[in-house]
Amino acid sequence: MRNRLVAGNWKMNGSLESVRALTRGILEGLDQVGDAGVAVCPPAIFIPEVAALTSGSALAVGGQNVCDQDSGAFTGEIAGSMLKEFGCRYAIVGHSERRNLYGETDDLVARRFVAARRNGLTPILCVGELLEEREAGDTEKVVARQLDAVLAVTGIEGFRDAVVAYEPVWAIGTGKTATPEQAQEVHAFIRNKLSEVDSTIADALTIQYGGSVKASNAEELFSMPDIDGGLIGGASLQADEFLAICRAAG
Ligand code: 13P
């Protein structure tokens with residue numbers, strides 16, 4: 001069976017006090033989560049605090065992005081080695097907010113993916129289409145282009161033990177979740193596409209769904225054959241709600 005992973009992307013939310021309370025709240029309920037892996041991706045400045053609180057627990061920590069370079073004059077960026085030094089296991093790359101609000105290109109995302117791997121982090125590669133792209137029937141074309149940019153740099157080996165998150169942009173923070181069937185269709189497309197290159201790597205790949213996942217819809221999404229957990233935004237900011245989503249994946 002494939003590894004399942006539920007990861008909370010806290011985006012740019014929280015204060016030192018609220019982040020401590022949220023982390024402690026998640027830790028308290030973690031033993032009721034089944035086999036699914038659980039991770040949180042705090043704003044970078046809170047990573048040391050969260051890493052200290054979660055040290056020795058099953059709750060993993062991830063960065064919300066990682067620099068494509070390893071050190072030097074890259075103001076505002078964080079190197080993979082720095083995330084690693086503070087206990088991170090994962091690094092999200094290519095989140096649609098990075099792509100669409102901050103202009104990150106497929107090529108840059110691919111380089112960030114490589115940097116995560118180079119530094120011993122598991123990349124969580126986000127892919128997904130805009131509403132107008134879905135309406136134009138271009139969903140698969142867009143997702144294929146985003147995957148191809150990474151494949152071109154890493155080959156299929158880059159996807160061994162990596163995580164892909166399918167996040168349709170129209171479903172992020174809108175309360176408008178993709179139906180389980182809509183999500184499954186794209187997840188199967190992703191797995192089949194990679195399977196054409198290497199079916200062992202594709203079969204083992206954890207593919208998360210992200211976009212308005214809540215406790216009330218998590219179970220039906222996670223019951224689909226190619227949906228292996230979720231990348232959770234808003235609903236990951238409340239410990240009880242997030243834990244209920246984690247249990248749905250367990
Ligand atoms: P929401 O769960 O708030 O829709 O956000 C999803 C997301 O972007 C996770 O990375």
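Points to keep in mind about this one:
- Over all pairs of different C-alpha atoms in the stretch 42-143, the reciprocal of the mean inverse distance, the Kirkwood hydrodynamic radius, equals 14.5 Å.
- Lys, Arg +1 and Asp, Glu -1 on Cβ, resulting dipole of the chain about Cα centre, debye, nearest 20: 520 debye
- Over the chain, all Cα pairs binned in 5 Å intervals from 0 give whole-percent P(r) values of 1, 7, 15, 20, 21, 18, 12, 6, 1, 0, listed from short to long.
- Over the stretch 1-58, all Cα pairs binned in 5 Å intervals from 0 give whole-percent P(r) values of 4, 17, 31, 24, 14, 7, 2, 0, listed from short to long.
- For Ser223, the shell of other residues with beta-carbons less than 13 Å away shows a net charge of -4, using +1 for Lys and Arg and -1 for Asp and Glu.
- Pairs of lysine residues in the chain - Cα separation under 29 Å, sequence separation of 8 or more or cross-chain: 10
- Computed over the chain with a Gaussian network model linking Cα atoms closer than 10 Å, the most mobile of Pro123, Pro48, Pro225 is Pro225.
- Using equal-weight Cα scatterers in the Debye expression, the normalised intensity of the stretch 91-219 in log10 at q = 0.09, 0.10, 0.18, 0.22 Å⁻¹ is -0.23, -0.29, -0.97, -1.42.
- Placing unit charges on the Cβ atoms only, positive for Lys and Arg and negative for Asp and Glu, gives the stretch 180-228 a dipole magnitude near 160 debye about its Cα centre.
Coordinate-derived values only; no laboratory data. Since this is a predicted model, take the numbers as computed values, not measurements. For neighbour counting, all protein chains shown are included, and Cβ atoms are generated from backbone atoms with ideal geometry for every residue, glycine included.
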